[in-house]
1. Would you check if Ile543 is over 30 Å from Phe474 (Cβ atoms) and aliphatic (A, V, I, L, M)?
2. Out of the residues in segment 244-278 that are assigned to a helix (DSSP H, G or I) and of a type in the set (Lys, Arg), state the one that is nearest to the chain's Cα centre (by Cα).
3. Return yes when Val368 is under 17 Å from Ala18 (Cα atoms), more than 23 Å from the chain's Cα centre (by Cα) and either at pLDDT below 85 or polar (S, T, N, Q) (or both) and no when it is not.
4. Give me the pairs, please: first residue somewhere in segment 341-370 and on the phi > 0 side of the Ramachandran plot, second residue anywhere and assigned to a loop (DSSP other than H, G, I, E, B) and surrounded by fewer than 22 Cβ atoms within 10 Å (Cβ to Cβ), beta-carbon distance under 6 Å, and either six or more positions apart or on two chains.
5. Does Asn369 qualify as being crowded, with 24+ Cβ neighbours inside 10 Å and either out of contact with any Leu (no Cβ under 9 Å at 6 or more places or on another chain) or within 18 Å of Val413 (Cβ to Cβ) (or both)?
6. Please specify each residue of segment 577-590 satisfying the condition of being part of a loop (DSSP other than H, G, I, E, B) and at pLDDT below 90.
7. Considering (1) assigned to a helix (DSSP H, G or I); (2) modelled with pLDDT of 85 or more, say which one Lys421 fails and leave the rest.
8. Among the residues of segment 428-445, which ones are among the aliphatic types (A, V, I, L, M) and within 19 Å of Ser126 (Cα to Cα)?
Amino acid sequence: MKNLFSNIKGDAFGGITAGIVALPLALAFGVSSGLGPTAGLYGAIFISFFAALFGGTDTQISGPTAPMTAVSMVVIAGIIAANDGDVSKALPIILTVFLLAGVMQICLGIIGLGKYIRYIPYPVVSGFMTAIGVIILFTQLLPALGYYPKEDAVFVELFKPEAEEVILENILKEEAGEGILVLENFKETIARSNHISQQDILVESQTLAAKKAGGALGAIRAFPRAIQNINWLECILALGTVFIIFGFKKITKAVPSTLVALVIMSGIAVGFGLDYRPIEKIPSGLPVPNLGIFTAFSFSHIAPYIFTALTLALLGAIDSLLTSVVADNMTKTKHKPNKELIGQGIGNSIAAVFGGIPGAGATIRTVVNISSGGKTKLSGMLSSVMLLVILLGLGPIASRIPAAVLAGILITVGIGVMDFKGLKAIPSLPKDMKFGPIKISSEVLIMFVVLILSTFWNLVYAVGIGLIIASLMFMKKIGDLTAERSDVKVLKEESWNDEGDFPIALKEKVFIKHIKGPLFFGSTSDFQQLTVQIPDTATTVIIRLGRMQYMDQSGLYAMEDMLQDLNKKGVEVLFVDLLKQPKFMMERIGIIPQLIPKAHIFKDFKSCLKWIKQNLNHV
């Protein structure tokens, strides 16, 4: 406790400042996620407090972040759509997925995976972060223009036929679940369909319209209609917010520009009595646990989202530990990665129980905290308390913030989170791959694959595919580099020093092959051509293996194939100086002694030469 209160003044100022910076972002991320501003605030409050208390980075400020919100947004939209657009019905499932992600983070910390997060390739992280920025930009364009697809009557009307089909399909599923045979009792289906109201069709149509316009691709599709139905007041509020955020930074960075923009633009909207669209109402009072997570739990509802929860856990881990590195550099300290993951997991788990969106260590808020004097865990906890005070005391006032202002804030977040450093480096990266006449950098390829797939398809699968491609390319590069040092190619052999006394009369009958370096997947294609290299006059092959330190499974089977080919031709094979690991591998599958008898394995070339002189006829 002494360490916790050793810097009360600095921690108090750092925590309060970080809390003020976190406020507009928490509200904006909550709105962007689809669960509303309250979910963003609750996430910031609980994650900040418990991640600071139990985490391994003293100065880190945690809460909802752009990457975590982008993935959460996809999860939330998918689960709501699967539950007929009913948020109250979908909420327990959504929060259970978030809770599961938090528990997984705790497990990652317990089993000690924190130190391995740093091995994720930079092009994958770069492509993902840029995709997050692009997604946020595209998805916030519509609210920045004051366009909401669910409220566009003409657009919604297009989905009524599909809405009727979905409702009827749900009726058939209900009947199947009740054991009703539709074809035998079609009257029941007709009776139930007669209870479908126009309001039911409208609600389903709105859900389908929102789904169609969801995500980056959906926003692009809906953009022409947004331009046709632009709300100039909302657009001006959003543009004004963006202008203040970028402009105020050039004046001073002592005061958070997002907070300045929020106060100024909200003050103008409220003060002049403008007819703007406010954010959802923020409830007053203390946060209440959502017990539906436990009372309505069903594994069948959660099963499809287990991999998604793992992705959230891993993303939160990466996001947090990258911020921890930044904090270390600023404070000249060293964080504890596994402890940090446990703290983040506890924070995310508790936030989920209270209805908050998941988060991670937030770089900007952490930098603000350190720059303002924060040094211990107390600063992160005070940041949480600051947000709780704002929630309890200023909830009704915060509810009057224009939605367009938060859209403007998110647009600047989207621009800020993009990896411009990685994008600028593209022209200077070595072009080590060739597609026909086109040369391209493998790292650029990975970056763009992850960027495009994340933006227009699936964030979760994109990262997985990026990791697979990066791993394959890494193996190829290492294989190529090792193969350069490994001489198993079809080349004319040069005699080694101890081969100078080899009988001239036997040189036509005995072929000597040197293998220098490991025999692995990267060199097997050359090794497999060894039988072609052996002259027809040879009846015996000596393979010198003293420099073959390692053999993988690919090399093992290449060796087996080569020995079988030589065996069919009646050529004897002798091994010289076979090392421990390759010998073990060959014994495991019976190459020794089935193809190479132990009598044909020699410790050195001298003993091998003695055997040849004794067993081969020569003049």
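1. Values: over 30 Å from Phe474 (Cβ atoms): yes; aliphatic (A, V, I, L, M): yes.
Here the answer is yes, as Ile543 does meet what is asked.
2. Filtering segment 244-278 for residues assigned to a helix (DSSP H, G or I) gives 244-251, 257-271.
Remaining after also requiring of a type in the set (Lys, Arg): 249-250.
Numbers: Lys249: 31, Lys250: 33 Å.
So, considering only residues that are assigned to a helix (DSSP H, G or I) and of a type in the set (Lys, Arg), the one nearest to the chain's Cα centre (by Cα) is Lys249.
3. Details: under 17 Å from Ala18 (Cα atoms): yes; more than 23 Å from the chain's Cα centre (by Cα): yes; either at pLDDT below 85 or polar (S, T, N, Q) (or both): yes.
Spelling it out, Val368 is indeed under 17 Å from Ala18 (Cα atoms), more than 23 Å from the chain's Cα centre (by Cα) and either at pLDDT below 85 or polar (S, T, N, Q) (or both).
4. That search, which allows pairs on different chains as well, returns Gly355/Asn290.
5. Numbers: crowded, with 24+ Cβ neighbours inside 10 Å: yes; either out of contact with any Leu (no Cβ under 9 Å at 6 or more places or on another chain) or within 18 Å of Val413 (Cβ to Cβ) (or both): yes.
Yes; evaluated as a whole, the condition is true for this residue.
6. Ile589, Gly590
7. Lys421 satisfies every listed condition except (2).
8. Within segment 428-445, Leu429, Ile440, Val444, Leu445 meet the criteria.
The values are calculated or read from the model by the stated rules, or taken from the named source; none is laboratory data. From a predicted model like this one, the values you see are computed outputs, not experimental measurements. Neighbour counts run over all protein chains shown; Cβ positions are idealised from the backbone, glycine included.
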